[in-house]
1. Calculate for the chain the 222 nm mean residue ellipticity that helices alone would give, adding -39,500 (n - 2.57) per DSSP H run of length 4 or more and normalising by residue count, nearest 500 deg cm²/dmol.
2. Pairs of Cα atoms under 8 Å, at least six residues apart: use those to get the relative contact order of the chain, whole percent.
3. Pulled fully out, how much extra length does the chain show between THR140 and GLU109, if you take 0.36 nm times their separation in residues and subtract their Cα-Cα distance?
4. Dividing the Cα convex hull volume of segment 2-157 by residue count, how many Å³ per residue is that?
5. Report the Cα-based extents of the chain along its three principal axes, largest first, to the nearest Å.
6. GLU305 to ASP237: extension gain in nm, 0.36 nm per residue of separation minus the Cα-Cα distance?
7. Taking 7 Å along the Cα-to-C-beta vector as the label spot, tell me the MET256-GLU175 distance in nanometres, rounded to one decimal.
8. What angle, in degrees between 0 and 90 and rounded to the nearest 10, separates the Cα long axis of helix 66-79 from the longest principal axis of the Cα atoms of the chain?
Amino acid sequence: MNIYLSLGANLGNRGESLREALRKIACLPQTALKAVAPFYETAPWGNLEQPAFINTAAMVETKLSPLSFLHKTQQIEYDLGRVRHEHWGARTIDIDLLWAEDVVSDTEELKLPHPYVTERAFVLMPLRDIAPDLVVQGRTVADWCQEKTIQQQEIHPAAELSEPYPLSMIACVDEQLGIGRNGELLVHSREDMAHFKQATLGQVVIMGRKTLESLPGGRPLPGRINIVLSRSLVRDDVFVCRNLAELWTLLGKLRMDEPDRKFICMGGGAIYALLLPYAKEIWLTEVAGKFAADTFFPAYEGFFEAAREARSGLSFVRLLRAGADCFCPIAK
């Protein structure tokens, strides 16, 4: 069945709390995360003496019963540090079930549809992005959003990136997942270079400082938006992000400008390891042989091989993360 959710957070790193909750939901048994709305910045509800929220909506397809699914999401809340001190109070993460296909429930533990779904802009506006034609209480979500009481509530698109797995990764590896030696590429292949150029041209590439310095002349790659993760780098010809929070905010802005852009991590080893938990896909050029590497691509689990193209001495392989097939529309 399909279940629609509302998620919100207003403590700590709000955006990453939401993305981590979405990643955990995607990993639930017999469950697939199918849609995620853009994030919205919203004024607090109920107790106004608390920080603003970031809110979103999501849709899952699951074989779990709504009650079992509720218990799983409550465990996710607990794992992410939610403490239920007060009703409508501040929280690290809040996950509410809004609607479940062919299910009506009015028990103390589970009420479906959610009794407040048609009253709150922070629920309706994200839900409209992924399910405008969903009928709740006899009217579509898009219709409910036109109500004056909804239009008057304070809400606007957040800069935070909403995708739980926003990144792609690209690397050339030997049989031991080696990628480099002495600060240089392990393998130089014209076919791999052509493949890399085709995959990254016009996209956003993310790298570490040493990778930038290893490029010809230490210059950014032309025809791409270059982002460097570094605490110390000072450059005006690339975007520099000091931490992941800055990276997600920048990627959110870039996504709003161009919804179809790919965000591609291109190394080095430490950056691959740091960003692998956020990768949806990996493009590997596998080269036959072992080349005494001192830098390696991290071991990856939870990915399956989606495509392979064998060439003489190398193969182009595309790996996808299982359960990370969510579609993330952009608010209009």
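Just so it is clear, none of the values below were taken in a lab; they were calculated from the coordinates. Remember, it's a predicted structure, so these values are computed and weren't measured experimentally. As a convention, Cβ positions derive from the backbone with ideal geometry for all residues, glycine included, and neighbour counts pool all protein chains shown.
1. -7000 deg cm²/dmol
2. Here the relative contact order equals 20 percent.
3. Stretched out fully, the THR140 to GLU109 stretch lengthens by 8.6 nm.
4. Taking only Cα atoms, segment 2-157 has a hull volume of 105 Å³ per residue.
5. Dimensions of the chain along the principal axes of its Cα atoms: 64, 42, 35 Å.
6. Numbers: separation 68, 0.36 × 68 = 24.48 nm, distance 3.62 nm.
Residue separation times 0.36 nm, minus the Cα-Cα distance, leaves 20.9 nm.
7. Label-label distance for MET256 and GLU175, simple model: 5.0 nm.
8. That works out to roughly 60 degrees.
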